[in-house]
Amino acid sequence: MATRTRRAERREEPLSRERIVEAAIALLDSAGEGGLTFRVLAERLATGPGAIYWHVAGKEELLNAATDAVITRTVAAGTTEATPREAIRALALGVFDAIEAHPWVGTQLSRAPGQSPMLRVFEHIGRQVQALGVPRQDQFTAASAFLNYILGVGGQNAADARAHQARRPDTSRTDFLDAAAAAWSALDPEEYAFLRSVADQLRVHDDRTEFLAGIDLILTGITAGH
């Protein structure tokens with residue numbers, strides 16, 4: 001009886017594209033892309049799949065809309081800084097954190113480079129590159145360098161976290177890094193001289209700090225060159 005009452009209350013809320021997208025985001029976060037089906041989504045929204053299709057044509061459109069919703073919030077929060085340099089750092093970190101919180105976002109951005117979520121990120125990076133005073137002929141290259149770095153590092157970080165969670169759910173990140181650092185230290189000293197030399201740094205590094213350090217390197221190179 002209580003379940004029927006809750007469902008009745010939920011049905012009183014009008015079904016909208018926004019509600020569908022937010023429910024899809026929650027489902028993607030908990031079950032991943034493979035767990036996003038219109039049947040499961042309909043159960044969560046206490047409606048039928050047909051009602052969802054009225055607002056969204058199919059799964060690909062829904063994935064794009066969910067990604068766009070996350071990225072729109074990220075871009076809005078990351079482009080209010082005082083200087084172009086600060087705005088780029090804030091936007092980059094926002095996308096990095098969004099991919100970490102929603103690993104499927106990184107996959108979607110890479111899979112659909114011509115869709116609005118990716119274009120939205122590229123547009124805002126490009127505006128800040130222009131504000132830095134980068135010459136017109138170099139703006140595309142500079143903006144692309146930022147975009148590829150952000151998506152590459154953010155996506156790899158999320159993939160590593162997922163793989164670690166799947167393989168060793170009982171171990172912490174510290175345990176994982178300790179084991180990786182020990183493995184690097186044991187590598188052949190001639191074939192892997194660099195990796196052995198930075199093994200201790202691997203053990204204690206912070207992903208977000210290293211990510212921002214990379215953004216600063218790109219910024220320094222761009223501003224020094226112009």
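Bear in mind these aren't lab numbers, they're just calculated from the coordinates by the rules spelled out. All values reported here derive from a predicted model rather than from experimental measurement. Glycine gets a Cβ as well: all are built from the backbone with ideal geometry, and neighbour counts include every protein chain shown.
At-a-glance table
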{"quantity": "Cβ-derived FRET efficiency at R0 22 Å, L217 paired with Q137, nearest 0.05", "calculated": "0.50"}
{"quantity": "Modelled FRET efficiency - R0 41 Å, A82 with D160, Cβ distances, 0.05 increments", "calculated": "0.80"}
{"quantity": "Extension gain (nm, one decimal) between A101 and R73, 0.36 nm per residue minus Cα-Cα", "calculated": "8.8 nm"}
{"quantity": "Angle in degrees between helix 2-12 and the longest Cα principal axis of the chain, rounded to the nearest 10", "calculated": "80"}
{"quantity": "Dipole magnitude of the chain, debye to nearest 20 (Cβ charges: Lys/Arg +1, Asp/Glu -1, about Cα centre)", "calculated": "940"}
{"quantity": "Magnitude of the charge dipole, the stretch 102-222, Cβ model with Lys/Arg +1 and Asp/Glu -1, debye to 20", "calculated": "600"}
{"quantity": "Ratio of the Cα radius of gyration of the stretch 49-157 to 2.2 N^0.38 Å, where N counts its residues", "calculated": "1.14"}
{"quantity": "Crossing angle, helix 59-78 versus the chain [Cα axis fit, 0-90 degrees, rounded to tens]", "calculated": "60"}
{"quantity": "Positive-pole candidate from T47, G34, G155, dipole of the chain, charges at beta carbon", "calculated": "T47"}
{"quantity": "Contour excess over end-to-end distance, with Cα ends at D188 and E13 and 0.36 nm allotted per residue", "calculated": "56.7 nm"}
